[in-house]
Structure formats: structure tokens, C-alpha cells
């Protein structure tokens, strides 16, 4: 009896020690309740788990497991598949804590799955209002959860932080983290650092002001908030850094928001006690309307080093001063130790959208090196003395159209890269995509609508021939390419590297692949049933190593790129969590695609009306329904809709009858005459498709 009465005190003491410097040893594995600070700090030493988004707080996505290696990876087979019941993009990296997967699907739904059997333990649906799809720039996706002290944390698309009981999935608290009157969204996976849940948000395409926040893990109380751009300068600044930042802005940026949203990358160095945060593009995209007098527009497109206890800024590095191209710096941040010029350096590495690979001293923010890792036409290089890009002249797009590489889809986007300390290489999902910029001559701020300042109607097609993608193995010390695996399509999945001399990646064309990490030789490939954009993970369970990945085609490129995205060939976008092991014998579930006969719809189409509809479509609809009204494999192809869709298009567009499916109403911005023009354009595109099909079968 005496021993039993002391047990609660012992448990409390051990939990308290986890918050102390050099806290308790990693506890015995008894479930998600034992994921505390000490265990997160020691995550690199545990092979049978994947405790946080990038496996460790350095976000390297490297596993020391070697049971699956370059010699036997060809024996991998499917062990089981779990279907979450979605046909939209799946971007999460599942966490694996002591035999249980915690992951997310579309609409921020959370799943707990038995890792041994693939059986569902519980499901939590935060019931995100479907109208939120109208302010989600890049699909209704979610990149995963955080697990800490018996709880699961998820950021929801409509701006909430929800804490769940890890055992039951029951909600413990819910906090609204954004202003519901502004078009904020959340797609990122939260991180937990020193008992604080770190979370940012997105929405800069629609007009918001960015920030990153820390919440108490137990109560959900806001501990601190760092705004990434200044607000109205006639009002007091929230923190001192914003007063200096305001001097780098002109005009009335705060009326739209300014941007700088923190929507993905976070890493933590416990030795330096620094939290590294990547910030997003300006809002609007175009600096010509956002800050017409010029300026660097701090702290958009930057890396910030913050104190996790207070949110105080220690240093910053701006990758793209005065961003004019939607070159976010929210892409994956990784921490590593590299030998450079004969001495070991503690570095931060990032391959942001702008096409340059950055290596920074993570204690000071000093630029060590930066070189182009993809085709770059907007800048000649990075000035090593100032750290600033050397911008190419002649790219002023206020009065003319300019072609730029990379595009806003990025030379590398959110899809996580990985670092293998054994090969010394970083494995980057790289894109080669051009874009055409021109200032929108009709731009005016529209609350809740797309606010780019850029003319959407410059191009009404996106042919597959102009894009490509590849897996890039990059030497961060020599700053050069070592090898690549070439694909026809961009927007391929994130990467995982292992001590078995392997790098795993899912592809846009619907396969899961393993390469030899040292030289890029393809060693194994298997069909996944749909395109993969998420990053794989690996773990050990009951003495066996497994590799898992979420498969589900989606995201910004898949929605918006039309024919270029359709090249991936996704016809059945049934989402799945796929788990592989050596000797696995399970079969991939097959869902037959439904072929609908495409009947002609007679209509007298006025050329001027079709042209107006073209412009309206690409201004209001193309970002979800694809350039040229060509589906990229996520949403139904509007050229092939059932005839009744065209007859009821006014109800759909203006009265929101398909809101439960995620199709918002546009009544605030469009009139019935606009809908008639849209209908004419879609019917013209249907007729063109029928002509193409007829020509293809004509001898």
C-alpha cells in the first residue's frame, strides 16, 4: 500500500524533470503520454518511432535504420493499406508513437491507426465549414499533427488549434488562432517545443498579415505571438522589431495585410535555444501594388531565429528582399553540422522557392553559401558580401509580360527534402516550371478574394511540354548537383533518406520509388494507385522495419496547372496510407475509374462572350479548376460535366448549392451575366475537347 501511494508522486517528479535542462532519460514506451520534451530531444536515438514532423527537431528526415538497405530493397512489398475516405490531396507525414499512427487527411480530419493491423482506432472530424475551401489557396489539405504528453494537436483549415486525447480522440480544448473575419487558413503540422505548441497560418494570396504563435500545451493559452510584418503604422507596434521593419515598407500595405505568413517550415536547436521559422510571400504578390515606393518589406520571404520562450527575434535573413514573385521562404528548414573550409559549422539549410540553396550559420544568421539548384532567370546569383540576390534587369512587369523561372510553384515547394549525414547529400523534390507575370491593370483590393496584383488572365493554358521535375541530390558543402532522377512531371513527393544507403520518394505519376542514395540508381518501384505529394517515413516494430507514405494527389499545382498537371495521369485519386515491409504480400486496393460518355451540347457561342468567360474563369475559377478548364486529376473536369451542371451553373456559382462539396458561392463578386459568360467559355472548351477526341480517332 505504501509503494502504491508513492507512485503518483514519482510520476509527477519524472514529468517535471523533463522540463529541466538535460532532463530525464527517455522513459519506457507506454504510449503517446510519454512523449515529453526529453523524448523529443532524444528522438534521433529511437528507431521504432517517428515522433515529430521531420522525425527530429532538426527536421533532417534521416533514419538510422538499416534492415531495409540497397541490397534487399527490391524485396519490399505492401503490408497493408488504409483508406481515409478522401479523393483530395494528402500531404501529411504520419507520426508513429509506440505502435500507433497519428495522421491527417483532407479537411483536417485526424486518424489514429493501429500500426500492426492497419485498423482504425479513432477518427476525429473538426467539421471545417466547407465554404473555407474558397479561401484555401492550395487545396483543403493538412500536413499532420504533433503528439505531446498524451495529446494530439492539429491545426484546422479554418484557423483552430485543437487538442485531442491521444487514446480516445476526444477533444480537450479548441482555440481560435486567427481572425475569423479575415481569410486565414492553416495547413501546417504544429510543432511542440518546451511545452509550447508552435503554429502559424496561411492566406497571403487573399490578403492577411502573417504571424507565428506559441500556445501552452495544457491549456491552449496564448504564450506569445510574433508578427512577421508591421501593421498600421499609426497604431502602436506589437513588438520593437516591427518599428524598424515598417521603414522598409511604403504605401498602405496594412489594408490588404502585407503577407509574410508562416505556413510550414519550423526547426529547433536545443543547444542554441533557437526556433527557426520560415515566412511567406508578400500580400499582394506584386510589390508594385503592395509597396509601390519599393523597399525590402521585412520580414516577408525570410528566415527568423526566435527565442521559443518569448518569441523575441534574435536574427533574420531575408532570402528575397521585396519579394515580387511569390517566392516564399516557408520551405523545409533543416539543421546539420557540416565541415566547411576545414572546420565544423552548425548550419541551417534551406532550398526555398526562389531557386537558390542557402547554407547559413544557425547561431548568427551569417550567409555561408548560396547557389542556384534549379533554373533561375530572375537573379544572376547571391552577393556573398551582402547576402542579397543580384536581380536581373528588364523584368519590370508593370507594362509588359515577363517570363520567369522559377514560378510561384517554386523550384522547390513545401514537399520536404531530407539530409543523409552518411552521404553528405540533401535530396530535393525539384521543379522546373516557368511563369508569366504582368501587373493586373484592373486590380483593386477585394476582401476575401484573391488579391495578387498580378494578372491571372495572361495565360489561358499550361501545356505539359513546358514543365518537368526531378529528384535532386545536392552537395550542400560544394554547392553542386551530384545526381538527379528525371521525371516528366513536377510536383513529386517529399523525400526520406536512410542509413541503408536509400532515398525514398513518391511521384506525381503514381509510383513509390527507392534509389541508392550515393549515386541515384533506381532500385525499386511500385504503383501507388495515385500521385504522391507527401513525404515517406520509416520505423521499426516488433523487430521489422517498415516504410510508410500517404498517397493522394493534390495541392496548388495539381489544382491549377491544367494540362501540365493532367500529365501525371491520375484517374482514381482514392487516398491511402500505404505501409511496406520486406516480403509484404498485400495487394493494392483497386477502384475502377468511371468513364462517362461525353455528349455534345449544342449552343450558339458568341466569340466576345467566350472571351469574357475566359478572362473570368482564369481570374476566379482556374486556381481550383485548372488552367484552360483542364482538370489536373483532383476535381472533376468541367469540360466533361453532366449536362445538368451547365443548366444549373448559376445556382452553383451564385447561390452556393454545392457548398457542402466545398464549392463556395461567388455572389459577392459575380453577376448572372458573368455566369452566362463562364458557361459559354466552358461549353467552348467542351466542344474543343470533343473535336480533339474526334481528330484522334479519325484515320
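Taking residue 598 as the residue in question, decide whether it is in contact with a strand residue (DSSP E or B) (Cβ under 8 Å, 6 or more places away or on another chain) and either on the phi > 0 side of the Ramachandran plot or not assigned by TED's automatic domain parsing to the domain that holds residue 686 (or both).
So residue 598 fails the test.
When residue 111 is tested against (1) assigned to a strand (DSSP E or B); (2) modelled with pLDDT under 95, just one condition goes unmet, and that condition is (2).
Please note which strands (runs of 3 or more DSSP E) are completely contained in the range 1-108 and include at least 1 residues that are at pLDDT 95 or above, surrounded by fewer than 23 Cβ atoms within 10 Å (Cβ to Cβ) and at negative phi.
Counting at least 1 such residues, we get 76-82, 100-104.
Close contacts from the range 517-532, counting a first residue that is more than 27 Å from residue 571 (Cβ to Cβ) and a second that is modelled with pLDDT of 95 or more and outside any strand (DSSP E or B), with Cβ to Cβ under 7 Å and a gap of 6+ residues or different chains, come to 517/423; 517/501; 518/423; 518/501; 523/70; 523/73; 523/74. Just give me the residues in the range 470-479 being surrounded by fewer than 23 Cβ atoms within 10 Å (Cβ to Cβ) and either touching a residue at least 60 places away in the same chain (Cβ under 8 Å) or not in a loop (DSSP other than H, G, I, E, B) (or both), in sequence order. Within the range 470-479, 470, 475, 477, 479 meet the criteria. Evaluation of residue 376 against the conditions (1) surrounded by fewer than 16 Cβ atoms within 10 Å (Cβ to Cβ); (2) more than 17 Å from residue 471 (Cβ to Cβ); (3) without any contact (Cβ under 8 Å) to a residue 60 or more places away in the chain shows that the sole unmet condition is (1).
Here's the yes/no breakdown for (1) in contact with a strand residue (DSSP E or B) (Cβ under 7 Å, 6 or more places away or on another chain); (2) on the phi > 0 side of the Ramachandran plot; (3) surrounded by 24 or more Cβ atoms within 10 Å (Cβ to Cβ):
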position: 451; (1), (2), (3): yes, no, yes
position: 457; (1), (2), (3): no, no, no
position: 465; (1), (2), (3): no, no, no
position: 481; (1), (2), (3): yes, no, no
position: 484; (1), (2), (3): yes, no, no
position: 490; (1), (2), (3): yes, no, yes
position: 494; (1), (2), (3): yes, no, yes
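With respect to (1) over 23 Å from residue 332 (Cα atoms); (2) in contact with a helix residue (DSSP H, G or I) (Cβ under 8 Å, 6 or more places away or on another chain); (3) at pLDDT 95 or above, the lone exception for residue 124 is condition (2). Tallying residues that are over 23 Å from residue 109 (Cα atoms), modelled with pLDDT of 80 or more and in a loop (DSSP other than H, G, I, E, B) within the range 568-587 yields 6.
Quick grid of which residues meet (1) farther than 24 Å from residue 138 by Cβ; (2) in contact with a strand residue (DSSP E or B) (Cβ under 8 Å, 6 or more places away or on another chain); (3) touching a residue at least 60 places away in the same chain (Cβ under 8 Å):
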site: 208; (1), (2), (3): no, yes, yes
site: 214; (1), (2), (3): yes, yes, yes
site: 237; (1), (2), (3): yes, no, no
site: 240; (1), (2), (3): yes, no, no
site: 251; (1), (2), (3): yes, no, no
site: 257; (1), (2), (3): no, yes, yes
site: 279; (1), (2), (3): no, yes, yes
site: 286; (1), (2), (3): no, yes, yes
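In the range 629-699, counting only helices (runs of 4 or more DSSP H) that sit wholly within it, the ones holding 1 or more residues that are without any contact (Cβ under 8 Å) to a residue 40 or more places away in the chain, crowded, with 21+ Cβ neighbours inside 10 Å and touching a helix residue (DSSP H, G or I) at 6+ places or on another chain (Cβ under 6 Å) span 649-655.
Per-residue answers, yes or no, for (1) within 18 Å of residue 79 (Cβ to Cβ); (2) free of Cβ contacts under 8 Å to residues at least 60 places away in the same chain; (3) in contact with a helix residue (DSSP H, G or I) (Cβ under 6 Å, 6 or more places away or on another chain):
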| position | (1), (2), (3) |
| --- | --- |
| 537 | yes, no, no |
| 541 | yes, no, no |
| 552 | no, no, no |
| 560 | no, no, yes |
| 567 | no, no, yes |
| 572 | no, yes, no |
| 582 | yes, no, yes |
| 602 | no, yes, no |
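Based on this model, can you work out whether residue 525 counts as assigned to a strand (DSSP E or B) and either modelled with pLDDT of 95 or more or over 24 Å from the mean Cα position of the chain (by Cα) (or both)? Considered against the rule, which asks whether it is assigned to a strand (DSSP E or B) and either modelled with pLDDT of 95 or more or over 24 Å from the mean Cα position of the chain (by Cα) (or both), residue 525 comes out as yes. Could we say that residue 483 is part of a strand (DSSP E or B) and free of Cβ contacts under 8 Å to residues at least 60 places away in the same chain here? Yes: the conditions hold for residue 483. Within the range 502-522, does at least one residue satisfy the condition of being in contact with a strand residue (DSSP E or B) (Cβ under 6 Å, 6 or more places away or on another chain), over 27 Å from residue 481 (Cα atoms) and part of a loop (DSSP other than H, G, I, E, B)? No, that holds for no residue.
Mind listing just one residue for me: the one in the range 123-139 that is more than 18 Å from residue 102 (Cβ to Cβ) and touching a strand residue (DSSP E or B) at 6+ places or on another chain (Cβ under 9 Å) and, of those, surrounded by the most Cβ atoms within 10 Å (Cβ to Cβ)? By that ranking, first place goes to 136.
The values are calculated or read from the model by the stated rules, or taken from the named source; none is laboratory data. Small disclaimer: the values here were computed from a predicted structure and weren't measured. Cβ sites come from the backbone with ideal geometry, for glycine too, and all protein chains shown count toward neighbours.
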